[in-house]
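Only one structure is covered here, and it is reproduced in the block below.
The values are calculated or read from the model by the stated rules, or taken from the named source; none is laboratory data. Please read these numbers as outputs of a predicted model, since none were measured by experiment. Neighbour counts run over all protein chains shown; Cβ positions are idealised from the backbone, glycine included. Keep in mind that these areas ignore ligands, DNA and RNA; they rest on the heavy atoms of the full protein, side chains included. Shrake-Rupley method; radii C 1.70, N 1.55, O 1.52, S 1.80 Å.
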Amino acid sequence: MRLERRTYVPLYLVVIAPLAAIITALLLAAGLIAAAGVNPLTAYGEMLTGALGSRLSITEMLTRATPLILTGLAAAVAFRARLWNIGGEGQFFVGALITAWIGHSLGVPGWIGIPILMLAGMAAGAALLAGPAFLRLRFGVDEVVTTLLLNFIVILFVGLMIEGPMRDPMAFGWPSSVPVSGEYRLPDLIPRTRLHIGLLFAIAAAGVVWLILARTVFGAETRAAGLNASAAAFAGVSLPRTIMGVALLSGALAGLAGSVEVMGVTAGVTTTMSPGFGYAGIVVAMLAALHPAGVVAAAVFVATVFVGADAMSRATGVPSFIADVIVALCLLTMIVALLFTTYRVRR
Amino acid sequence: MSDAIDLLLNTSLWASVLRIATPLIFGVLGALLCERSGVLNLGIEGIMTMGAMSGWLAVYLGAPLLVGLMIAALCGAVMGLLHAMLTVPLGLSQHVSGLGITLFASALAYYLYRLLVEVGDLPPTIEPFQPLDVPGVSDIPILGPILFSQALPTYLALFAVAVMAYVLARTPLGLAIRMTGENPHAVEAQGLNPIRIRIGAVVVGSALMAVGGAFLTTTAFNSFFPGMVQGRGWICIALVVFASWRPGKALIGAVLFAFFDAYQLRLQTAIEGVPYQLFLMAPYVLSIVALVLVARRAEVPAALMAPYRRGER
């Protein structure tokens, strides 16, 4: 058996591959659900109704999808240029932290304050990834390890801030930061739900990222750097500039995710506010085959699994960790599926 | 400040260094073996979690402690085989596959733990490995308790360093593994199969990582809980670079690192008024600093992360 690069990729494969990957992952996870003594069909039924069965559950799912779209975009942008940004979680938290910090005492009206806070979150995320990008460009330090270790450092720093300078005295000893003031809370998209207009910002961000990647010189240079760095450099692309630009964009997107989550959902920062949005963003990006439009769909899928699995766990007793198992399996089956869109198998 | 120096003279600090280093020694040896054959294994954090859970679970269900370590190694090997199949014959991105393995292995470990173990208010416990005095030498003042009063897995870790150093440097097998990481085409020209060598190295390396994880639940602690690996896997990846892919230096790196870790733990109680999170950050900051210091001189295996396909250059 050998693999042969396809000269062209038929459209039906591009559509079928992700679906086949997801179905395979669900079949594999069905075995684990059955091991818990629960009929997988019942379990998946509960999962579906738990995430999509009512107006409330759909809004909860979309609330969960909002930061995932942004962290997914962050991973997609970076991975396209082969910048292995695994620090989405840390960038999410610095974005959230700076938003809560400034948003508590900023003395301007909401319509100007909200954009300022979002920009601050983006700047913080971008700055956090600029460090590892600089270390890679200047010293050749692998960014996988540095971005990952920064996640741990940032979360400890968040803990330090919310137990010290940013501690909320009204939180009854529960470690949380002071909340952002009311005028900077994002308005609800649908009244009496948690769904806020951050969802629209996230979708708009996907559009902007798509435009940047598909229609600008920077986007073309990014793609060239990702496909073949030495050829790109030969063709006159400045790799350091491109990589740094990608880092700033990727970090800004993940930072924005944290900022929007604070203004839209949590108001203050806690060390537990993210159930791994940064890491799940990597899966979202892979499921989307690194395409910005696909990111929105993939984020909705991953959010469905997460929100649905909680409901399924309550109804059937299957441990809710099954959500992480399904999502991780999707990542693994997806990279195999993508292989078959770029290669064909010859005997 | 004088407290900080007094701490350095404390035997218990030095005795804890080897103990803290043990999971790192296993992890860094495993990662080093994978990378020497040309495969980056970012699955390490998940594989260690899987090892911690499966080793603990086996003992909890009645297996002897040593069998627990073997079960952990087996589970790690299976995860390694998955990573190897995806990255070696299929040639998929080693970064993405490794991250996928980490997410999958840790999620699966937590899921199986919740499924198979009744967890009440407190996590259930097992009887862990006890310190083992080496007859004759454990009574030596100062050195005895530091070096010769450790638990069995710590001695195993030191033994593994010696074996790995010998095999890589002095045996035909070691030469083949190192060559596969430098130039797989040359290996093939020698009539060897670089694909098999890579798969074998990743499987054995992953088994070692899992034993490192199992140390946490069978020796350092006596229970399993989510998040217990706490980035040790990623630190091992950094230590491999620090060790410039040599087992002897890997041991030194792990011990140095463990020393700083043990020291910051004790400084936390000695120095008041400094937030404890600053001390906890130290190991991660230190790993980054170490990476920067050695990155320029690093002798990376030339074919690391380059998928090998027969007849394709």
Exercise. Any idea what the dipole of chain B comes to, in debye rounded to 20, about its Cα centre with Lys/Arg Cβ at +1 and Asp/Glu Cβ at -1?
Worked result: 1160 debye
Exercise. Rounded to the nearest 10 Å², what accessible area does B:VAL300 show when all protein chains are kept and the probe is 1.4 Å?
Worked result: 80 Å²
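If you count, for each residue, the other Cβ atoms within 10 Å and average over each peptide, how do B:38-45, A:113-120 line up from highest to lowest?
Averaged packing, sorted descending, gives the order B:38-45, A:113-120.
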Exercise. Averaged over A:28-37, how many beta carbons belonging to a partner chain fall within 10 Å of each residue's beta carbon?
Worked result: 2
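If the viscosity is 0.692 mPa s and the temperature 37 °C, what translational diffusion coefficient in µm²/s does Stokes-Einstein give for segment B:1-40 when Rh comes from Kirkwood over Cα pairs?
For the chosen part, D equals 267 µm²/s.
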Exercise. In square angstrom, rounded to the nearest 10, how much accessible surface does B:LEU122 have for a 1.4 Å probe?
Worked result: 140 Å²
Exercise. If r is the Cβ-Cβ distance from A:ALA293 to A:ALA171 and R0 is 45 Å, what FRET efficiency results, to the nearest 0.05?
Worked result: 0.65
Exercise. What residues qualify as long-range amide H neighbours of B:ALA151, i.e. H under 5 Å apart, gap of 5 or more or another chain, H built at 1.01 Å from N?
Worked result: B:LEU132
Exercise. So what J values fall out for segment A:93-101 if you push phi through Karplus, 6.51 cos²θ - 1.76 cosθ + 1.60 with θ = phi - 60°, rounded to Hz, Gly and Pro as x?
Worked result: 6, 5, x, 5, 5, 5, 5, 5, 4
Exercise. Do any residues of segment A:320-338 lose at least 30 Å² of accessible area when the full set of protein chains is present rather than just their chain alone, and if so which, with a 1.4 Å probe?
Worked result: A:PHE321, A:VAL325, A:ALA328, A:LEU331, A:LEU332, A:ILE335, A:VAL336
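Let's test the formula: R0 of 60 Å, r as the Cβ-Cβ distance of A:LEU11 and B:ALA169. What FRET efficiency results, to the nearest 0.05?
The calculated FRET efficiency here is 0.65.
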Exercise. Of the residues A:MET273, A:MET312, A:MET170, which exhibits the maximal mean-square fluctuation in a Gaussian network model of chain A defined by a 10 Å Cα contact cut-off?
Worked result: A:MET170
Exercise. Per q in 0.05, 0.07, 0.08, 0.11 1/Å, what log10 I(q)/I(0) does a Debye calculation on the alpha-carbon atoms of the protein assembly as shown return?
Worked result: -0.23, -0.45, -0.60, -1.18
For this session: Assuming R0 = 51 Å, can you tell me the calculated FRET efficiency for the pair A:ASN39 and B:GLN130, based on Cβ-Cβ distance, to the nearest 0.05?
Result: 0.65
For this session: Take the solvent-accessible surface of the protein heavy atoms, probe 1.4 Å, and return the percent of it on segment B:1-158 that carbon and sulfur atoms account for.
Result: 70 percent
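Averaging sequence separations of C-alpha pairs under 8 Å and six or more residues apart, then dividing by the length of chain A, give the relative contact order as a whole percent.
38 percent
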Seminar exercise, completed: Taking the alpha-carbon centre of each part, the distance from segment A:74-150 to segment B:245-313 in Å is 23 Å
For this session: Grab every C-alpha pair in segment A:1-122, bin the distances at 5 angstrom width from 0 up to the longest one, and report whole percents.
Result: 2, 8, 9, 10, 15, 15, 13, 11, 8, 5, 3, 1, 0, 0
Seminar exercise, completed: By the DSSP-based rule, helices of chain B that are at least 20 Å long along the axis (C-alpha) and have a mean Kyte score of at least -1.0 are B:11-36, B:44-60, B:65-87, B:94-116, B:152-170, B:194-215, B:247-270, B:276-295
For this session: Hey, can you grab everything whose amide H is under 5 Å from the amide H of A:SER176? Only 5+ residues off in sequence or another chain; H modelled, so Pro and N-termini drop out.
Result: A:ASP168
Problem set entry | Computed label-point distance, nm, for sites B:ALA162 and B:VAL117 using a 7 Å Cα→Cβ extension | 3.3 nm
Exercise. So, in Å, what gap is there between the alpha-carbon centers of segment B:40-73 and segment A:178-225?
Worked result: 42 Å
Exercise. Rounded to a whole number, what % of the accessible area of segment A:289-347 do carbon and sulfur atoms account for, probe 1.4 Å?
Worked result: 59 percent
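What number, in percent, do you get for the relative contact order of segment A:67-183 if the mean sequence gap of Cα pairs under 8 Å and at least 6 apart is divided by its residue count?
It comes to 32 percent, rounded to a whole number.
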Seminar exercise, completed: Rounded to one decimal in nm, the spacing of the 7 Å Cα→Cβ label points at B:LEU81 and A:LEU119 is 5.7 nm
Seminar exercise, completed: CD proxy, 222 nm, chain A: helix-only mean residue ellipticity via -39,500 (n - 2.57) per DSSP H run with n ≥ 4, per residue, nearest 500, stands at -24000 deg cm²/dmol
Exercise. Just by accessible area at a 1.4 angstrom probe, what is the order of A:HIS104, B:HIS185, A:HIS291 from largest to smallest?
Worked result: A:HIS104, A:HIS291, B:HIS185
Exercise. Mind checking which of A:ALA78, A:ALA25, A:ALA280 has the largest fluctuation in a GNM of chain A, springs on alpha carbons under 10 Å?
Worked result: A:ALA25
Exercise. Once both labels are modelled 7 Å past Cα along the beta-carbon direction, what's the A:THR341-A:THR193 spacing in nm?
Worked result: 2.9 nm
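If you rank A:ASP168, B:ASP121, A:ASP310, B:ASP139 by how much accessible surface each has, with a 1.4 Å probe, what is the order from largest down?
The most accessible residue leads, giving B:ASP121, B:ASP139, A:ASP310, A:ASP168.
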Problem set entry | For residues of A:276-286, the mean tally of beta carbons on other chains within 10 Å | 2
Exercise. Roughly how much accessible area, to the nearest 100 Å², goes out of reach of solvent when B and A pair up, both sides summed, probe 1.4 Å?
Worked result: 3900 Å²
Exercise. Of A:GLY198, A:GLY121, A:GLY95, which is the most mobile in a GNM of chain A whose springs link Cα atoms less than 10 angstrom apart?
Worked result: A:GLY198
For this session: Name the long-range amide H neighbours of A:ARG6: under 5 Å, sequence gap of 5 or more, or other chain; modelled H, no Pro or chain starts.
Result: A:TYR343, A:ARG344
